[in-house]
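Everything below concerns the one structure shown next.
The values are calculated or read from the model by the stated rules, or taken from the named source; none is laboratory data. These numbers were taken from a predicted model, which means no experiment stands behind them. Using ideal geometry, Cβ is built from the backbone for each residue, glycine included, and neighbour counts are taken over all protein chains shown. SASA here: full protein model, heavy atoms, side chains in, ligands and nucleic acids out. Shrake-Rupley method; radii C 1.70, N 1.55, O 1.52, S 1.80 Å.
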Amino acid sequence: MRLDLDTTALPTLASHCLLVGHGQKADVVWTKADFVAICNIMRNGNDPHFFMIPYQKEDGTAHFAKAQKARADNYTDWAWDTINGKAKKRASIGFYPRNGDGKSCWAAMDFDGSQGHGNSDDNHARERAFKAFQLLLRHSELFVVLCTSGSGGWHLFVFTRQFHAVEDWIRLLKQVAALIGVNIEKGVCEIFPSDSRGQVGYGIRAPGTWNPKHDTFSLIAFENVGPLLSAHTEEIKRVSLSYRSSHGVKDPDLTYRNEVSVYRGEFDEWQTRFAITALRTRREELKMMVDHIFRQVGRDVARRNAELQYNEKTVTTAATLAEHLQELEELWDWWEAQWLAELSESERKKFEALPINSNDRTAFRIVRNFARLVNEHGCDFKIVAEHLAKRLPATLQTACNIPPRFCDAKILQPRWPMYRINWQHGTAGSHEQAHP
């Protein structure tokens, strides 16, 4: 994705309307469905646990941390309730412009001001943001959101319908910065993605969200993302699941309505094998299912299986769906710790070199299990992209991109159409280990 800009003059805004003040709160500009769509787009297809949590500590200091166990959909709702004043405790949400394939469908520029004191630095930030905005707005393939940062500065977000390589986004934003005569440096102008921090990079708050550093909100000055959000919403409706809870009504805690299907083992065997059909067996059936599927699927697929397991139960249980899913998370965390402990030194080095909370790390565990089952005597094995995509879950293209990337990282040896693990195995873990 290259952008050829006219360096002699800035384009006019044509018929677009720009609010020249400090903008409006997000709930005045967007509906909740709009905001949810924006956050879903900014996830870049990453794991629901891969996002940024901006928050305030008890002493009032602001912190920005990668999520661990929290889910992006829950924080999106909480962030929206904070914007419209319904949240008892304030929350925000941010995202990373990068996925496991090294691509993104959005990018951003952060023009720093004077932390909200209204001096000349604020004016400089505003002027630079508007110049960058005018350069990008002229390109019909780009969708933009211009908003305040909540601290005297400005954020400029750029979205596209397609994913583009992170390197292309970095080059584009550097071109824009050069054309408006601003240096890319902390305290002046920062870009997202950038090439300044590892494989993940820095995250940025979603437009319109609460800024915990100054207890203020990002205000929307301009946006033309309506067509992009509409297309996204229609796609979700097209592929959404239609199912109900065992009580005949939709449970507000249900998730994963974007999936066309969910992997439940070959011929959906897990549906019957771990069904809850007898009183006081719910936790035991859940535990047996997690023990069985941990090495075969990603956490999201496991969570969806647990949801279905609960909704399809034929007996009454004391535990709610939320409690059932919380137990799933605890069991999954326990198994992750056991699995990490069984890795050999070589395996651990290769695993830790992969992006945190990425499809690649989940795929590493699944592919390692493929090899463990067939590779007792150094045999080659196949990686069927369709099967891997269902188990992650991910798109077919994402699954197709993983084996070649693993070969580049010396994780796999390509022996087309087969593969061979390129490390010495650790001791295979037992499925009969006692849980805490």
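Only aspartates and glutamates eight or more places from residue 32 in sequence, or on another chain, were considered; those with a Cα closer than 18 Å are 73, 77, 81, 223, 234, 235, 253.
Ranking 348, 361 from most to least accessible surface, computed with a 1.4 Å probe over the protein chains only, gives 348, 361.
Taking a ≥ b ≥ c as the square roots of the Cα gyration tensor eigenvalues, with a/c under 1.5 meaning rounded and otherwise prolate when a/b beats b/c, else oblate, which class fits segment 47-163? Cα axes put segment 47-163 in the oblate bin. Taking 21 Å as the straight-line reach from the Cα of residue 174, the lysines in range (excluding those fewer than 8 positions away in the same chain) are 103, 131, 186. Taking a ≥ b ≥ c as the square roots of the eigenvalues of the Cα gyration tensor, segment 321-375 is prolate, since a/c reaches 1.5 or more and a/b is larger than b/c. Which net charge results when you count Lys and Arg as +1 and Asp and Glu as -1 among the other residues whose beta-carbon is under 10 Å from that of residue 399? Net of charged neighbours comes to +1.
For segment 123-214, a simple Cβ point-charge model (Lys and Arg +1, Asp and Glu -1, everything else neutral) yields a dipole of about 200 debye relative to the Cα centre. Net charge dipole, segment 292-375: roughly 420 debye, given to the nearest 20, about the Cα centre with Cβ charges of +1 for Lys and Arg and -1 for Asp and Glu.
Each Lys or Arg adds one and each Asp or Glu subtracts one; over the other residues with Cβ under 13 Å from the Cβ of residue 185, this totals 0. Round to a whole angstrom and tell me the spacing of the C-alpha centers of segment 286-333 and segment 37-105. Between the Cα centres of segment 286-333 and segment 37-105 lies a distance of 24 Å. Other residues whose C-beta falls under 11 angstrom from the C-beta of residue 129 contribute a net charge of -1, scoring Lys and Arg +1 and Asp and Glu -1.
Full extension of the segment from residue 161 to residue 58, taken as 0.36 nm per residue of separation minus the current Cα-Cα distance, would add 33.1 nm.
Karplus-based coupling profile of segment 27-43, in residue order and whole Hz: 6, 8, 8, 10, 8, 4, 4, 4, 5, 4, 5, 4, 5, 4, 5, 5, 5, with θ = phi - 60° in 6.51 cos²θ - 1.76 cosθ + 1.60 and x standing for Gly or Pro.
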